[in-house]
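Take a look at the structure below.
The values are calculated or read from the model by the stated rules, or taken from the named source; none is laboratory data. Since this is a predicted model, take the numbers as computed values, not measurements. Heads up, the Cβs are rebuilt from the backbone with ideal geometry, glycines too, and the neighbour counts pull from every protein chain shown. Only protein heavy atoms, including side chains, enter the accessible area calculation; ligands, DNA and RNA are left aside. Shrake-Rupley method; radii C 1.70, N 1.55, O 1.52, S 1.80 Å.
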Amino acid sequence: MMRRALMIVGAAAILVGCSSGPEPLPTDEPWDLVWFSDSGGIGVADLWAQRITEDVGVEVVVHDYAVGGLGAGQVLAWIDDTPTALPVLRQEIADAEIVVVYGNPGDASDTLDVGLCLDVSQYHHAAPTASTEADFAPYRQILDSIYQVVFDLREDKQTIVRATDMYAPTISAWREFGVDTECTAAWETWSDSIRQVADAWGVPTVSLYDAYNGADHTADPRQAGVIGPDGAHPNDAGRALIVETLAAAGYEPVDR
């Protein structure tokens, strides 16, 4: 399955290489990369920075905000112009050539059961509810606000902005406990919500869900050998796959 994912990544790279759009960013000075992720993306930013240097020939300075359980609401609280904001982070975004927008929906709404799909211990007690698009409306509003802040801070300067979704590591457990229909529906609606908001801002979505779980979202990444021994987080091969998927999206700035 990993070979198939890499083939998809390679095809995407060809398409990106043939596209036309904004002028590439200059490489005579280092690029700053601001990276948001929950625990699924811990350790990826530095690896991607190395890959960017190999691909583009520019030094990359990493500002890594990968935190376990990071929700979109927390990201907005960090970057919005409020008393809860982190002034250093706001300045880092203002200076960043690359910003990756991600935050899970865990702090967006009490009606979302995506977290339950990750907590396999709970399957014995309650099946997740199949979340609807309406359930994700508060999450989409938060993501929209994040992009507004990012582009306001960048003040129309050329910026490589990317959205990411998240892979589903627990498909085998979903099947074992008979909750794969509900959890797949929740995961797909989550991914669709990320893409919908990103599209509205002209931001490409880098789908880790597709890379890990295949275009039909039925592939088990544990069997593909990209999940570590804890059954949830990437191993070295998994982090390499994330880097390949990010690199396949290219380094074209957002055309705004």
(request) Give the residue that is surrounded by the most Cβ atoms within 10 Å (Cβ to Cβ), with candidates limited to residues of segment 60-97 that are of a type in the set (Asp, Glu) and out of contact with any strand residue (DSSP E or B) (no Cβ under 7 Å at 6 or more places or on another chain). (result) 80
(request) Tell me which residues, restricted to segment 149-170, are farther than 20 Å from residue 191 by Cα and out of contact with any Phe, Trp or Tyr (no Cβ under 6 Å at 6 or more places or on another chain). (result) 149, 150, 151, 152, 153, 154, 155, 156, 157, 158, 159
(message) Considering only residues that are surrounded by 12 or more Cβ atoms within 10 Å (Cβ to Cβ) and not in a helix (DSSP H, G or I), which ones fall in segment 49-59?
(response) 58, 59
(request) Residues being under 28 Å from residue 151 (Cα atoms), modelled with pLDDT of 95 or more and among the acidic types (Asp, Glu): count how many of those fall in segment 207-256. (result) 3
(message) Being surrounded by fewer than 20 Cβ atoms within 10 Å (Cβ to Cβ), polar (S, T, N, Q) and in contact (Cβ under 8 Å) with a residue 60 or more places away in the chain is the filter here; which residues of segment 136-162 pass it?
(response) 145, 158
(message) Contact list please: Cβ distance under 7 Å, first residue in segment 52-78 and touching a residue at least 60 places away in the same chain (Cβ under 8 Å), second residue surrounded by fewer than 16 Cβ atoms within 10 Å (Cβ to Cβ), pairs at least six apart or on different chains.
(response) 56/27
(request) Just give me the residues in segment 223-255 being of a type outside the set (A, V, I, L, M), open to solvent by 30 Å² or more (accessible area, probe 1.4 Å) and in contact (Cβ under 8 Å) with a residue 60 or more places away in the chain, in sequence order. (result) 223, 225, 233, 239, 244, 251, 252, 255
(request) For segment 22-47, enumerate the residues that are within 26 Å of residue 106 (Cα to Cα) and either in a helix (DSSP H, G or I) or open to solvent by 40 Å² or more (accessible area, probe 1.4 Å) (or both). (result) 39, 40, 41, 42, 44, 45, 46
(request) Scan segment 163-222 for residues that are closer than 23 Å to residue 235 by Cα, within 18 Å of the chain's Cα centre (by Cα), among the charged types (D, E, K, R) and open to solvent by 10 Å² or more (accessible area, probe 1.4 Å) and jot them down. (result) 210
